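Asks: Would you mind keeping the following structure in view while I ask a few things?
The values are calculated or read from the model by the stated rules, or taken from the named source; none is laboratory data. Just so it is clear, the model here is predicted, and its values are computed rather than measured. We place every Cβ from the backbone using ideal geometry, glycine too, and count neighbours over all the protein chains shown.
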Amino acid sequence: MRFLLVCSGLLFFPESYAQSAVSEISRLARSKFDWFINHQYDSIRALMDDNLQYIHSNAWIESRSDVIDNLKSGKLVYKKVDVEELNVRLYNQAAIVTGKGWFEGVNNGTSFALRLLFTEVYVKQGGRWKLANRHACRVP
């Protein structure tokens, strides 16, 4: 009997792990935008991989340090982000997040309000999920 319980637990473990990972990544992907708005630089820094490539809808490409420096300096200010859709696909130690939402803020002193599609790639390193790549495009 004990053997059957152990075996059944092993059968369901991968599914529960996947659900847990999807929930965690979804939470991180959404929280990231709140951290941008609320200037939580330590949280942003901890989430982003050292080799991050962050591609904006205007083809502006930032590294991890660029993202943080531009947020701190006020070059880029997020005022509001409403994520309408967010989907997570898990692949072993990587996850692909696709989403859609409204983004409002100021870039180099110019206000913007954009509806964007975005794709983010997260990788698991040292037991933590890290944002390794992001790309956004405008929705007409």
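Asks: Condition (residue is buried (at least 16 other Cβ atoms within 10 Å of the Cβ), among the acidic types (D, E) and either in contact (Cβ under 8 Å) with a residue 60 or more places away in the chain or assigned to a strand (DSSP E or B) (or both)) applied to the stretch 75-93: is it met by at least one residue?
Replies: No, because not a single residue in the stretch 75-93 is buried (at least 16 other Cβ atoms within 10 Å of the Cβ), among the acidic types (D, E) and either in contact (Cβ under 8 Å) with a residue 60 or more places away in the chain or assigned to a strand (DSSP E or B) (or both).
Asks: Continuing with the same structure: Among the residues of the stretch 14-23, write down those that are surrounded by fewer than 16 Cβ atoms within 10 Å (Cβ to Cβ) and modelled with pLDDT of 95 or more.
Replies: S23
Asks: Sticking with this one: Name the residue that is surrounded by the fewest Cβ atoms within 10 Å (Cβ to Cβ), counting only residues in the stretch 52-66 that are within 15 Å of A132 (Cα to Cα) and either in contact with a Cys (Cβ under 7 Å, 6 or more places away or on another chain) or of a type in the set (D, E) (or both).
Replies: Ranking the candidates gives D66 first.
Asks: Here is a follow-up. Looking at D49, D69, which one is among the charged types (D, E, K, R), without any contact (Cβ under 8 Å) to a residue 40 or more places away in the chain and either more than 15 Å from I37 (Cβ to Cβ) or surrounded by 15 or more Cβ atoms within 10 Å (Cβ to Cβ) (or both)?
Replies: So the residue among D49, D69 that is among the charged types (D, E, K, R), without any contact (Cβ under 8 Å) to a residue 40 or more places away in the chain and either more than 15 Å from I37 (Cβ to Cβ) or surrounded by 15 or more Cβ atoms within 10 Å (Cβ to Cβ) (or both) is D69.
Asks: Name every residue in the stretch 54-78 that is among the basic types (K, R) and in contact with a helix residue (DSSP H, G or I) (Cβ under 7 Å, 6 or more places away or on another chain), in order of residue number.
Replies: If the condition is that a residue be among the basic types (K, R) and in contact with a helix residue (DSSP H, G or I) (Cβ under 7 Å, 6 or more places away or on another chain), then K72 is the only one that fits.
Asks: If you take the residues of the stretch 109-140 that are outside any strand (DSSP E or B) and out of contact with any strand residue (DSSP E or B) (no Cβ under 8 Å at 6 or more places or on another chain), which of them is surrounded by the most Cβ atoms within 10 Å (Cβ to Cβ)?
Replies: G109
Asks: If you don't mind, another one. Sort out which residues of the stretch 34-58 are in a strand (DSSP E or B), in contact with an Asp or Glu (Cβ under 9 Å, 6 or more places away or on another chain) and closer than 17 Å to K72 by Cα, and write them in order of number.
Replies: Within the stretch 34-58, Y54 is the sole residue that qualifies.
Asks: Further, regarding this structure: Mind checking whether some residue in the stretch 125-133 is under 21 Å from D50 (Cβ atoms), modelled with pLDDT of 95 or more and charged (D, E, K, R)?
Replies: Checked the stretch 125-133: at least one residue is under 21 Å from D50 (Cβ atoms), modelled with pLDDT of 95 or more and charged (D, E, K, R).
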